[in-house]
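Q: The structure that follows is given in the form of structure tokens.
The values are calculated or read from the model by the stated rules, or taken from the named source; none is laboratory data. Note that the structure is predicted; figures quoted are calculated from it, not measured. Please note that ligands, DNA and RNA were not included when accessible areas were found on the heavy atoms of the full protein model with its side chains. Shrake-Rupley method; radii C 1.70, N 1.55, O 1.52, S 1.80 Å.
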Amino acid sequence: MEPSFSGKPIEEAFQATHTSITQAFLNQQTPQLDSNGDGLTNTPQDYTHLAQQAIGNGIVYAGTYHH
């Protein structure tokens, strides 16, 4: 299962947010992501690292757990 936020992978959600904010603020604001802590933002390595991360606390909802 891919980590998701509102039904989309986190990387895809960030890309959509990046596009929206950049357009809304006429390129005066740019969201930055440094998920691997190397000090460089929005690199392919950040997105690779992000694919291994999930938003949430790992709660299993009733009816979704199968023995």
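Q: At 0.36 nm per residue, and after removing the present C-alpha to C-alpha distance, how many nm does the segment from Q45 to Q23 gain when stretched out fully?
A: Computed gain between Q45 and Q23 is 5.5 nm.
Q: Apply the Karplus curve 6.51 cos²θ - 1.76 cosθ + 1.60, θ = phi - 60°, to the phi angles in the range 24-39 and return the couplings in whole Hz, x for Gly and Pro.
A: 5, 9, 6, 6, 8, 10, 10, x, 10, 10, 10, 7, 9, x, 8, x
Q: Excluding ligands and nucleic acids, what accessible area in Å² is computed for T17 using a 1.4 Å probe, to the nearest 10?
A: Taking all protein chains as shown, T17 has close to 70 Å².
Q: Sticking with this structure for a sec: Accessible surface of H49 in the full protein assembly, 1.4 angstrom probe, to the nearest 10 Å²?
A: For H49, the solvent-accessible surface is approximately 60 Å².
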